[in-house]
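Okay, structure first, notes after.
The values are calculated or read from the model by the stated rules, or taken from the named source; none is laboratory data. Because the structure is predicted, anything quoted here is derived from the model rather than measured. With ideal geometry, Cβ positions are generated from the backbone for all residues, glycine too; neighbour counts draw on all protein chains shown.
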Amino acid sequence: MQKITFEHVSKYFGTVKAVNDAHFTIQEGEFFTLLGPSGCGKTTLLRTIAGFYRQEEGNIYFGDRLVNEVPTHERNIGMVFQNYAIFPHMTVFENVAYGLKARKVGKKEIEQRVMEALEMVELTHLRDRVPSDMSGGQQQRIALARAIVIRPGLLLMDEPLSNLDAKLRIKMRTDIRKLQKELNITTIYVTHDQEEALAVSDRIAVLSDGCVQQIASPHEIYAYPRNQFVANFIGASNFIDCRVGAIDPLTGEAPVELHGIRFPLKLFRPGEGQALLSVRPEKIRIETGQTKDTLIPGVVRTVTYLGDKVSYSVDLGGQQVIEVQQHAVEPEHLISEKQKVYLDLQPNKAVLFDQEGKEVLYNATAHHSARS
Ligand code: ATP
């Protein structure tokens with residue numbers, strides 16, 4: 001169980017800055033996820049922590065210990081990769097015992113610790129089998145047992161569930177989280193899957209182009225995205241161009257105009273001019289009649305039925321198509337394609353960014369994570 005600190009860490013490949021000034025701390029026992037699209041630098045940062053790469057700039061500390069010059073095998077890390085990286089010709093037991101043998105642990109203790117680890121991943125009954133005839137999920141459990149059996153101070157996982165089917169991924173992520181809590185082991189987890197990140201993490205760092213965009217809890221990152229990139233990457237969002245007027249000194253509110261409607265919002269700071277309203281599809285109400293004058297008319301272009309929810313693409317004209325989601329809709333209440341509808345964007349539940357999508361001008365609940 002260890003605290004990990006990054007002090008202005010940067011890693012280059014030629015002219016590419018794969019990790020750009022990482023500067024944050026991961027707490028003891030925390031499940032911390034590096035999340036971002038392909039090429040954003042997740043794996044490079046993880047490999048730098050493991051000591052496979054040496055950063056050109058900055059310092060990494062494990063607890064109070066500066067590890068810049070410490071080789072991988074002396075960092076006391078357990079690692080799990082996407083491709084399992086287990087030995088196909090060795091039995092499950094031998095695979096898990098491997099790291100302990102290398103550390104010259106006695107035979108009796110190896111037996112006890114391997115069985116303990118196999119019990120944690122529910123594989124004791126397969127101890128004498130070879131992994132080559134086992135399923136992907138079972139192979140990943142072996143890899144997990146092998147990582148934890150050495151009692152590492154830090155567990156690193158790089159897309160460990162990517163090769164598994166959707167159902168198994170959900171089961172495994174729950175199991176990994178449970179095990180991590182039981183062992184109370186600091187864990188750094190890499191994924192490009194936002195749902196997975198939201199499901200397992202204590203905190204998430206969203207990365208883009210090597211830069212940390214935001215670090216926050218799953219709820220905070222969903223409800224208070226710091227910029228357009230985060231709002232777009234975590235969950236779906238519609239971005240609608242709008243115009244912001246001057247703040248009224250009496251009310252403290254500024255008028256925001258879009259698609260012919262006008263509504264007042266209490267902004268964090270003045271932001272006169274063009275801006276971007278970010279509205280989650282599930283926050284929009286869709287009506288078939290104009291029940292109030294703040295609704296925006298549109299036409300349904302596509303209807304996608306997804307079982308527990310239905311997704312509509314609604315054309316508002318002016319090349320603006322909005323995604324709207326409704327949950328638990330009875331089939332007889334489905335709206336059909338080409339039907340005229342009216343959208344309540346509920347702007348007071350949305351997030352308003354400046355024109356570049358870099359800064360938050362408004363969020364329903366004033367919150368430090370969106371503002372700091
Ligand atoms: P993915 O999800 O696709 O694995 P990632 O977020 O893990 O992506 P990285 O693999 O860390 O991203 O890559 C970050 C950047 O560094 C990319 O531009 C990549 O092309 C570059 N890069 C990574 N490894 C190397 C390398 N060994 N040599 C040169 N460039 C590299």
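Look at the stretch 35-59: where a residue is touching a residue at least 40 places away in the same chain (Cβ under 8 Å) and in the same structural domain as residue 155 (by TED's automatic domain parsing) and a partner is outside any helix (DSSP H, G or I) and aromatic (Phe, Trp, Tyr), sitting 6+ places away or on another chain with Cβ atoms under 6 Å, you get 56/12.
When you scan the stretch 312-364 for strands (runs of 3 or more DSSP E) that lie fully inside it, which ones turn up with 1 or more residues that are over 31 Å from the mean Cα position of the chain (by Cα) and modelled with pLDDT of 95 or more? Step through it out loud before you land on a result.
Numbers: elements: 321-327, 340-344, 351-354, 360-363.
Per the criteria, 340-344.
For the stretch 75-90, the criterion of being β-branched (Val, Ile, Thr) and either at positive phi or part of a helix (DSSP H, G or I) (or both) is satisfied by no residue at all. If you go through the stretch 4-39 and pick out every residue that is under 15 Å from residue 188 (Cβ atoms), within 14 Å of the ligand (Cβ to nearest atom) and among the hydrophobic types (A, V, I, L, M, F, W, C), you end up with 5. Scanning the stretch 276-289 turns up one or more residues that are touching a helix residue (DSSP H, G or I) at 6+ places or on another chain (Cβ under 6 Å) and outside any strand (DSSP E or B).
Of 109, 69, 122, all but one fail to be part of a helix (DSSP H, G or I), away from the ligand (no atom under 16 Å from the Cβ) and either of a type in the set (Asp, Glu) or closer than 24 Å to residue 204 by Cα (or both); the exception is 109. Picking from residues in the stretch 187-199 that are surrounded by 23 or more Cβ atoms within 10 Å (Cβ to Cβ) and more than 12 Å from the ligand (Cβ to nearest atom), the one that is nearest to residue 228 (Cα to Cα) is 197. Taking residue 159 as the residue in question, decide whether it is closer than 30 Å to residue 103 by Cα, within 16 Å of the ligand (Cβ to nearest atom) and either charged (D, E, K, R) or not assigned by TED's automatic domain parsing to the domain that holds residue 77 (or both). It is true that residue 159 is closer than 30 Å to residue 103 by Cα, within 16 Å of the ligand (Cβ to nearest atom) and either charged (D, E, K, R) or not assigned by TED's automatic domain parsing to the domain that holds residue 77 (or both). For first residues located in the stretch 244-273 and free of Cβ contacts under 8 Å to residues at least 60 places away in the same chain and at positive phi, partners that are surrounded by 12 or more Cβ atoms within 10 Å (Cβ to Cβ) and assigned to a loop (DSSP other than H, G, I, E, B) and lie 6+ apart or on another chain with Cβ distances below 8 Å form the pairs 252/266. Counting the residues of the stretch 301-329 that are touching a residue at least 40 places away in the same chain (Cβ under 8 Å) and closer than 14 Å to residue 237 by Cα gives 5.
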